[in-house]
1. Just how far, in whole angstrom, is the range 445-486 from the range 130-149 if you go by their alpha carbon centroids?
2. Checking the a/c ratio against 1.5 first, then a/b against b/c, what shape does the Cα gyration tensor give for the range 458-537?
3. If we count other beta carbons within 10 Å of each Cβ, what is the order of 512, 625, 450, fewest first?
4. Please say if the range 599-722 is rounded, prolate or oblate, where rounded means a/c under 1.5 for a ≥ b ≥ c the square roots of the C-alpha gyration tensor eigenvalues, and otherwise the choice is prolate for a/b larger than b/c and oblate otherwise?
5. Relative contact order of the chain, please, whole-number percent, based on alpha carbon pairs below 8 angstrom and at least 6 residues apart.
6. Once you keep just the Cα pairs under 8 angstrom separated by 6 or more residues, what percentage relative contact order results for the range 352-422?
7. Sum -39500 (n - 2.57) across every DSSP H segment of at least 4 residues in the chain, then divide by the residue count to get the 222 nm mean residue ellipticity, nearest 500.
8. Taking the Cα of residue 222, stepping 7 Å toward and past its beta carbon, and measuring to each backbone N in the range 372-386: which are under 16 Å?
């Protein structure tokens with residue numbers, strides 16, 4: 001099973017959510033929460049269009065007589081604060097005392113919790129309204145129960161700090177005291193449910209520390225590799241050095257002679273294409289501890305049939321991709337007649353932009369624990385997509401999904417890597433084969449050699465300028481191996497969804513636009529990485545816009561504002577040759593608004609002091625980009641210090657993400673996104689030769705270090721009452737082009753390839 005990529009799939013659930021009193025069967029399923037008091041289920045009905053199916057709750061909310069409010073967190077926590085942000089929406093709406101709220105992590109189970117995929121920056125926008133309704137329902141029931149107890153009008157009662165108070169008499173009862181009575185009441189009509197005004201919130205729209213903070217800083221947080229089971233063994237795997245390779249023979253005697261090594265087990269791989277959810281071919285060394293397993297792996301004697309990808313060279317493919325952009329491609333968007341614009345141009349700027357393969361480089365390498373007992377599989381894993389892990393394990397092990405349980409630990413970084421469940425499948429296969437609990441531990445070398453890489457890419461953009469210094473034509477050729485090719489070798493062009501990430505949604509008012517793609521085959525595993533193909537599209541587009549601004553004699557900020565022209569809503573109708581996915585949302589609910597893009601441009605210019613006179617040896621660069629329905633403008637300042645080194649003293653972001661549910665987490669995501677984007681721009685690159693990844697660890701695949709990181713990151717959040725949108729991925733795309741444009745202003749050298757050294 002291959003799920004639709006989260007950034008391509010329509011996920012809107014606002015109009016199909018339902019709050020309900022759980023049935024006796026539901027009580028049995030959730031056991032530990034059914035301790036008396038009030039229990040509500042919240043269903044978003046986002047996993048199936050079959051309306052005949054019984055509603056399955058995504059979140060449970062309970063209030064027990066001791067006044068504890070417990071909320072199930074059905075999303076995966078990887079530092080983005082989602083285990084805080086979603087429960088706090090419920091708590092704020094119901095009037096709960098946040099200090100008395102307990103958050104419990106949900107296991108991976110679609111029948112209980114619906115869609116749990118934590119990917120694509122859609123968790124808050126997907127669940128904001130349903131969470132509000134859940135909190136409002138609980139508040140309504142508690143107030144009604146109190147009003148009946150006191151024989152007063154419910155409108156004279158208020159809910160605050162987990163207490164219902166009668167304003168006239170001053171009487172009060174806690175949520176816990178009212179919970180049992182509230183459980184007996186009829187639910188209010190969801191369509192007429194009164195929600196709080198935004199100004200009444202005490203948590204939403206404010207800085208709220210994440211609930212896991214203390215555990216993080218005191219070392220108590222439990223990540224994947226922290227799970228220990230009685231009798232558990234550790235496995236490390238020698239995986240295929242080339243995607244699609246198979247083992248023809250092997251000798252394990254030397255490995256088995258290492259003290260602590262217990263078994264060597266072969267894992268049959270999925271072949272070529274490798275798939276997004278399957279294990280690679282390999283030999284697993286199972287030992288008493290990690291060190292023995294690693295030493296045993298070092299002495300394995302394996303003969304490989306390397307297969308079709310053994311001669312693959314990524315540098316050669318980039319050159320072929322570059323040559324392909326000189327030819328006509330498959331037209332994916334067309335407006336006007338670009339050839340006419342080119343023939344009548346006074347100037348044509350023709351530039352080619354290159355970006356490498358990128359690895360996710362999560363600080364926590366993949367790890368998973370599995371135990372097979374009495375015909376059932378139980379897994380512990382730092383997974384972004386527990387249901388996909390569950391279904392993939394069931395498929396690989398020949399089990400029913402009902403016989404697989406996935407427990408979600410904290411994630412030490414995800415960025416899309418840990419939504420793919422291959423490492424979870426490995427642990428389950430070995431546990432089933434050996435009959436003992438197994439932890440599969442990836443090393444950093446494993447992580448870099450066997451990632452689902454962000455595609456390398458080649459883009460050629462031609463911009464035509466007429467004799468009046470007007471930008472008249474825009475021809476964008478983009479070529480990169482598609483994500484879908486990891487599962488379907490016949491997928492040779494980027495999908496509509498991938499092009500909708502900053503390419504075909506080019507927003508500027510240019511009379512003649514043609515966007516084309518070219519064939520490119522995948523020779524390794526391709527996946528999604530934080531902001532996906534927005535990375536290369538924003539780099540090319542924003543750098544070219546900066547160069548065009550210079551050619552027409554305009555300031556880059558003013559040029560972007562001018563090219564957005566009048567305020568309008570974009571739908572690209574009649575121009576795009578396929579589907580414009582709009583990140584899975586309708587343009588009616590989440591329109592593409594140029595006014596909001598202009599607003600962040602003006603905000604970042606104001607806050608950064610754009611246009612001010614800078615001291616010698618300093619420069620600013622600008623970029624603006626919309627991704628995951630969020631509008632972001634970025635200004636990067638560069639300075640050459642006394643030793644001649646170029647440093648980044650400050651980065652400014654202006655962000656319009658609609659309602660900023662937890663402003664602390666919005667800023668944190670953008671601060672982290674700036675560091676992430678700086679790594680992509682300046683230090684990170686994966687290359688393959690003879691089908692093999694050439695980088696082994698963080699010495700070869702560099703992450704930006706503290707001296708090279710921005711010294712200060714200012715995040716300017718636009719106040720908004722619009723629907724919340726994503727914040728995990730939008731910081732990344734504009735950073736590299738803003739940095740590259742600043743580098744040009746400082747040095748006079750334009751950047752056409754990532755990464756580049758400051």
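1. Cα centres, the range 130-149 to the range 445-486: 51 Å.
2. Working: a/c = 3.15, a/b = 2.38, b/c = 1.33.
Prolate, because a/c is 1.5 or more and a/b exceeds b/c.
3. Numbers: 512 21, 625 28, 450 24.
Ascending number of Cβ neighbours within 10 Å: 512, 450, 625.
4. Numbers: a/c = 2.37, a/b = 1.31, b/c = 1.81.
Taking the square roots of the gyration eigenvalues as a ≥ b ≥ c, the range 599-722 is oblate.
5. On the way: 1804 pairs, mean separation 105.0, N = 758.
Dividing the mean separation by the residue count of the chain yields 14 percent.
6. Numbers: 101 pairs, mean separation 26.5, N = 71.
Computed value for the range 352-422: 37 percent relative contact order.
7. On the way: 19 runs with 207 residues, N = 758.
Calculated at 222 nm, the ellipticity per residue is -8000 deg cm²/dmol.
8. The answer is 378-383, whose backbone nitrogens lie closer than 16 Å to the label point.
Each reported figure results from applying straightforward, stated rules to the coordinates on display, with no laboratory input. What you see is a predicted model; the values in this text were computed from it and never measured. Because the Cβ atoms are built from the backbone with ideal geometry, glycine has one as well, and the counts that use them run over all protein chains shown.
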